[in-house]
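A quick write-up on the structure given underneath.
The values are calculated or read from the model by the stated rules, or taken from the named source; none is laboratory data. Fair warning: this is a prediction, and the values are worked out from it, not measured in the lab. Cβ sites come from the backbone with ideal geometry, for glycine too, and all protein chains shown count toward neighbours. Each accessible area value is taken on the protein alone, full model and side chains, heavy atoms only, with ligands, DNA and RNA left out. Shrake-Rupley method; radii C 1.70, N 1.55, O 1.52, S 1.80 Å.
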Amino acid sequence: MTQDLLRSALEQNNNWLITTHKGPDGDAVGSVVAWAAYAQLCGKNYLILFPDQPAAYLCPFLEGYQWEVFQAEKHYDFDLLFALDYNAPSRVGQEMSGFVTSYPAMKIMLDHHPGPEAFCDYTISHPKACSTTEVIFQTIEELGQLSLINLDMAKGLYLGLMTDTGSFRFPSVSAYTHQMTAHLLSLGLEQHQIHEAVYDVNSVTRLQLRGFAIAEKLKLYPMQRLGIMSLSKEELKRFDYQKGDTEGLVNVILSIEGFDAGVFLMETEEGVKFSFRSKGSRFVNAFAQKHFNGGGHQYAAGGFQNGSLAEALAKLESLIDQI
Ligand code: 5GP
Ligand code: MN
């Protein structure tokens, strides 16, 4: 499918179903918001469909947009499905993955995760892009539609850029990232409002949970230049855990001098969720994929393991020299 075919697919189909991955982060929400605003500008009907409820701090960005959480028994009648910020049907979770795979409409992926699976009719995948919102911006530029981008789109695009780059500091940031940012600011975007809306909305219990995790639950392995942090269900409950409270917490391990890898384990009702982070010449996605049913980017990956936190920790510790 060439650029012309993408253009005609966008022109000819008027009902767009906009999907993203489970546990949507800033790039996922930024991408669907930007794409919904683009749909509006193109005069399309659209619905943003999430596999699960986004964290509360991201919901203000969705105000004024049509969005809902997937319901297996509901009928969704659309002629184009967009897969934003994910590269495989499994990333939308068990309940929704069959729906995405078998959905009887043309599917278009816009994403930046390496190794996209072949479930879409048109795959726009740029693993070097710092965020999916950068992929969206570039695609719109290539369609010759940069002048369409308005302030509403800019807010979503910036949200994805800011959150997926750790506020413009990761190696994935390029000259193009800053050119894109300059374009968004020239539209009148007040970027400090996005930073404040995401980073200055802590609850006291969230800060206390993070403080507790750092003070009491961080185990350091100086020989391996690695830190492991974990939180049990009971500990999360004690600090009134809300979705998003541990977002980015694993990164504090990388801020310790001489450490270049960190793992965060969180116990959930279903099992244990892993977050892997690294920097420099150290990569974590292959390890996450091989041992913990996960994957992701070289420097930021995730995984999942059934069973208890103790079992997950024991398995991780037995593999520590391979990370
Ligand atoms: P996080 O630690 O923020 O949950 O995830 C970091 C990155 O790892 C995400 O951006 C995503 O690319 C990837 N990731 C997280 N969980 C999974 C998973 O279960 N499978 C795969 N393939 N990638 C994941
Ligand atoms: Mn992303």
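Looking only at residues of the stretch 132-174 that are touching a residue at least 24 places away in the same chain (Cβ under 8 Å) and either among the charged types (D, E, K, R) or in the same structural domain as residue 298 (by TED's automatic domain parsing) (or both), we find that the one that is farthest from residue 283 (Cα to Cα) is 152.
Among the residues making up the stretch 127-170, those that are part of a loop (DSSP other than H, G, I, E, B) and more than 14 Å from ligand 1 (Cβ to nearest atom) are 128, 143, 144, 145, 149, 150, 167, 168, 169. Being more than 30 Å from residue 322 (Cβ to Cβ), touching an Asp or Glu at 6+ places or on another chain (Cβ under 8 Å) and either free of Cβ contacts under 8 Å to residues at least 60 places away in the same chain or outside the structural domain of residue 265 (by TED's automatic domain parsing) (or both) is a description that applies to residue 177.
When residues in the stretch 68-88 are screened for being surrounded by 19 or more Cβ atoms within 10 Å (Cβ to Cβ) and under 23 Å from residue 10 (Cβ atoms), 9 of them pass.
On the stretch given as the stretch 91-124, residues that are part of a helix (DSSP H, G or I), surrounded by fewer than 18 Cβ atoms within 10 Å (Cβ to Cβ) and either within 16 Å of ligand 2 (Cβ to nearest atom) or charged (D, E, K, R) (or both) total 1. Restricting the first member to the stretch 21-37 and to residues that are basic (Lys, Arg), and the second to residues that are in a helix (DSSP H, G or I) and open to solvent by less than 10 Å² (accessible area, probe 1.4 Å), the beta-carbon pairs closer than 7 Å and six or more apart or on different chains are 22/92. Residue pairs whose Cβ atoms lie under 8 Å apart, sitting 6 or more positions apart in sequence or on different chains, and linking a residue in the stretch 247-263 that is outside any loop (DSSP other than H, G, I, E, B) to a partner that is hydroxyl-bearing (Ser, Thr, Tyr), are 254/278; 261/278; 262/278; 263/275. Exactly one residue out of 259, 292 is open to solvent by less than 20 Å² (accessible area, probe 1.4 Å) and of a type outside the set (Ser, Thr, Tyr): that is 292.
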